[in-house]
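The structure appears right after this line, and notes come after that.
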Amino acid sequence: PGDWAYEALRSLVERYGCIAGYPDGTFRGNRAMTRYEFAAGLNA
């Protein structure tokens, strides 16, 4: 995907091994993040 957010997240995953995305390997950049997902990302 050419989305800027996809590239930014991919860089974070490669550099720090965090927030790898959904279990099915998809990137859902147009979907709003829930509070739970945000908290889980901060805790990772």
Only one residue in G41, G21 is surrounded by 10 or more Cβ atoms within 10 Å (Cβ to Cβ), touching a Phe, Trp or Tyr at 6+ places or on another chain (Cβ under 9 Å) and either at pLDDT below 80 or not in a helix (DSSP H, G or I) (or both). Which one? G21
Subset tally (residues that are in a helix (DSSP H, G or I) and either surrounded by 11 or more Cβ atoms within 10 Å (Cβ to Cβ) or of a type in the set (F, W, Y) (or both)) for the stretch 24-38: 3
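The values are calculated or read from the model by the stated rules, or taken from the named source; none is laboratory data. Just so it is clear, the structure is predicted and the values come from calculations on it, not from any experiment. Please note: Cβ atoms are built from the backbone with ideal geometry, for glycine as well, and neighbour counts cover all protein chains shown.
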